[in-house]
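I have a structure here, written as structure tokens, and I will follow up with some questions on it.
The values are calculated or read from the model by the stated rules, or taken from the named source; none is laboratory data. The shown structure was predicted, so the numbers you read here are calculated from the model rather than taken from an experiment. Don't worry about glycine lacking a Cβ; one is built from the backbone with ideal geometry, like all the others, and counts go over all protein chains shown.
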Amino acid sequence: MSIRIVVDNRPEFYTNLDYVSGRVVLAVNRAEQIGNIVVKLEGESTTALQVPHPHEDLRQGPMPGPPGSTVSETHKLLYKIQQVFPDDYHSSSNNPHGAHPLLPGEHSFPFKFKLPINNACSDHMAMSKIGGLAGMGGFGQGGGLFGMGGVRVMDGSKQLFLRHVTRTLPPSLTGFPMEAEIRYYIKVTVQRPGFLKENWRFQAGLKFMPIEPPRPPKTGQEAFARRPFTFRIRSPGQPERKRSSFFSKKGDDFKPGSDTKGAQDADTAPAPSVEISARLPHPPVLTCNKPVPLRLVAKKLANCPDEVFLTSFQADLVGYTDIRCHSIHSRRSNRWVIASSINLAIPLTTSPSDDVGKEIVVPDYLWNTTALPNTVAPSFTTCNLSRRYELEIRIGVSWGRPPSKTSKLLNGSSAQSPEIHLPLQFQNIEVFSGITPPAELLEATRTTAPGRATFATNNPGPRLPPRQNSVPQAGPSAGRGQPVRPQAQTPAQAPGPAHDPLYPPQLQAGQSAPAYDDAPPTYEEAVAENLAGPFDGMQERPAYSGVTNENAPSQMPTEKS
């Protein structure tokens with residue numbers, strides 16, 4: 001016996017609204033009695049943290065376990081199930097034992113799923129209908145003792161005791177062994193009736209990268225991080241002597257007259273003063289596999305004829321992953337070097353006679369040819385994990401032209417010009433995946449408010465208007481065949497309190513639904529058949545290696561049942 005999962009036209013990664021299709025190939029050596037064959041498309045976000053000692057954590061409330069123990073929390077972000085066997089032919093036969101024979105040979109069973117936009121674990125109605133709860137319908141009803149004729153399905157009641165948020169499906173994520181990971185996979189279960197026969201199982205991993213949210217319109221505004229600086233005036237009592245070299249003459253080492261003149265100039269002329277500002281389009285958004293849209297501007301602040309040069313430049317992207325497991329929180333950081341250059345001599349003034357307040361734009365060839373690494377995941381928020389970014393820039397500036405490599409070797413290190421290093425930081429940076437949503441989805445987000453839940457049964461807010469090419473639903477005031485009239489515009493609501501989109505607002509006491517939830521449109525709109533995926537011949541898939549090996553064994557601790 002062997003089981004294989006053959007995926008049709010498998011891309012490097014999947015995204016929202018993509019179809020995951022393929023077939024399950026089952027090869028049997030002898031005739032077997034098969035109850036059914038079930039294919040599942042699942043996505044899990046798992047976290048595990050160690051319970052701190054009560055003296056180390058002064059947080060109010062009970063801990064989820066004894067001090068020193070490890071607790072875990074798993075959210076079923078995606079759970080779709082499809083029975084591929086028995087088909088109509090085998091189901092038509094009357095078999096009292098609930099099993100169907102498969103002759104020796106190779107058998108193929110096709111399957112097809114469509115990836116939604118939002119996570120499914122936040123919908124309580126959907127979770128309560130999946131296994132676990134009797135009398136609610138769903139897969140666990142009328143399927144025998146273990147559901148679906150012996151195939152174990154997810155117990156959705158476990159998800160009802162966890163805290164959830166409605167967000168776009170997060171990307172595949174690893175790199176935090178025994179702490180956090182997000183995985184997507186296809187799982188096949190072949191149920192074999194009988195007490196002494198075990199079920200056959202097989203799974204194959206998938207990479208996932210979400211579509212980006214609607215980009216804000218370009219307004220020409222810029223977010224900036226600026227830092228003015230002024231060099232310290234050289235002390236006249238401490239003349240700067242050059243180090244003798246092999247090629248220097250005897251009388252060229254020290255000239256008293258020149259030091260006196262420099263002291264007089266220091267008393268009359270101010271030291272150079274320049275303001276460096278790093279600018280990004282507002283709101284600051286970076287794109288995966290794209291260069292940083294950075295502008296570096298220098299502004300002259302003092303009337304000093306001396307030149308100032310840019311000697312070094314480095315841009316780092318810092319990612320912070322917030323891990324939550326029940327009431328325990330932890331934060332991990334990663335750093336990516338975007339661009340790094342040293343031994344530069346880029347002037348920050350055009351001429352010594354520049355007026356005070358004149359600006360000069362530093363050439364962007366230092367960073368515009370380097371894209372973000374393909375290991376950078378887009379910003380996301382899910383029930384127990386979130387990722388946000390900061391951009392750190394460090395520049396070196398010298399008073400006067402920095403010496404070249406040859407002069408450093410000949411004159412020694414003491415011939416260097418005064419140099420200072422300035423840090424510039426953008427604290428709230430969003431990273432988008434670069435996968436543009438379909439035009440129909442963008443139109444829906446522009447004309448209506450974002451949905452607040454995965455299923456409309458949970459959403460008392462405004463609904464999306466029907467599309468022109470969709471089938472109108474019959475209602476008390478509209479019959480079939482009549483033209484669809486546009487719905488009346490909903491009254492404008494008062495703007496909610498501003499908050500970070502990566503950290504959703506928490507429910508207050510007695511509040512049953514959040515006042516505002518920045519999520520894409522409703523689930524029905526996301527999985528509509530007339531809504532095409534973003535890669536239907538419209539654009540190429542960018543590179544992404546969020547999971548080094550999606551089929552590698554999980555590095556998370558086994559969950560105790």
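Being among the basic types (Lys, Arg) and closer than 23 Å to residue 554 by Cβ is the filter here, so list the residues in the range 1-59 that pass it.
4, 10, 40, listed by residue number.
Which residue is surrounded by the fewest Cβ atoms within 10 Å (Cβ to Cβ), if the candidates are limited to the range 371-396 and must be aliphatic (A, V, I, L, M) and not in a loop (DSSP other than H, G, I, E, B)?
Pass one, the range 371-396, residues aliphatic (A, V, I, L, M): 371-372, 376-377, 385, 391, 393, 395.
In the following step, the residues that additionally are not in a loop (DSSP other than H, G, I, E, B) were identified as 371, 385, 391, 393, 395.
Values: 371: 16, 385: 24, 391: 23, 393: 23, 395: 24.
For the range 371-396, the residue satisfying everything is 371.
Now for a separate question. Take the residues in the range 1-51 that are of a type in the set (Lys, Arg) and in contact (Cβ under 8 Å) with a residue 60 or more places away in the chain; name whichever of them is surrounded by the fewest Cβ atoms within 10 Å (Cβ to Cβ).
So the residue we want is 30.
Could I ask something else about it? In the range 196-206, is there at least one residue being modelled with pLDDT of 90 or more, of a type outside the set (A, V, I, L, M), crowded, with 22+ Cβ neighbours inside 10 Å and not in a helix (DSSP H, G or I)?
no
Could you list, in sequence order, the residues of the range 523-561 that are at pLDDT 70 or above, of a type in the set (S, T, N, Q) and either under 25 Å from residue 123 (Cα atoms) or in contact with an Asp or Glu (Cβ under 8 Å, 6 or more places away or on another chain) (or both)?
The answer is 554, 555.
With respect to residue 212, determine if the residue is surrounded by fewer than 16 Cβ atoms within 10 Å (Cβ to Cβ) and among the acidic types (Asp, Glu).
Details: surrounded by fewer than 16 Cβ atoms within 10 Å (Cβ to Cβ): no; among the acidic types (Asp, Glu): yes.
Answer is no for this residue.
So for the range 397-416 (the condition being crowded, with 19+ Cβ neighbours inside 10 Å, in the same structural domain as residue 343 (by TED's automatic domain parsing) and at pLDDT 90 or above), does at least one residue qualify?
The answer is yes, given that some residue of the range 397-416 is crowded, with 19+ Cβ neighbours inside 10 Å, in the same structural domain as residue 343 (by TED's automatic domain parsing) and at pLDDT 90 or above.
Report yes if some residue within the range 334-351 is under 30 Å from residue 162 (Cβ atoms) and part of a strand (DSSP E or B); otherwise report no.
Looking for residues that are under 30 Å from residue 162 (Cβ atoms) and part of a strand (DSSP E or B), one finds at least one in the range 334-351, hence yes.
Inspect the range 52-61 for any residue being part of a strand (DSSP E or B) and either outside the structural domain of residue 156 (by TED's automatic domain parsing) or not β-branched (Val, Ile, Thr) (or both) and give the result as yes or no.
Looking through the range 52-61, none of the residues is part of a strand (DSSP E or B) and either outside the structural domain of residue 156 (by TED's automatic domain parsing) or not β-branched (Val, Ile, Thr) (or both).
Which residue, of 146, 113, 139, is in a strand (DSSP E or B) and either at pLDDT below 90 or under 29 Å from residue 6 (Cα atoms) (or both)?
Being in a strand (DSSP E or B) and either at pLDDT below 90 or under 29 Å from residue 6 (Cα atoms) (or both) holds for just one of 146, 113, 139, which is 113.
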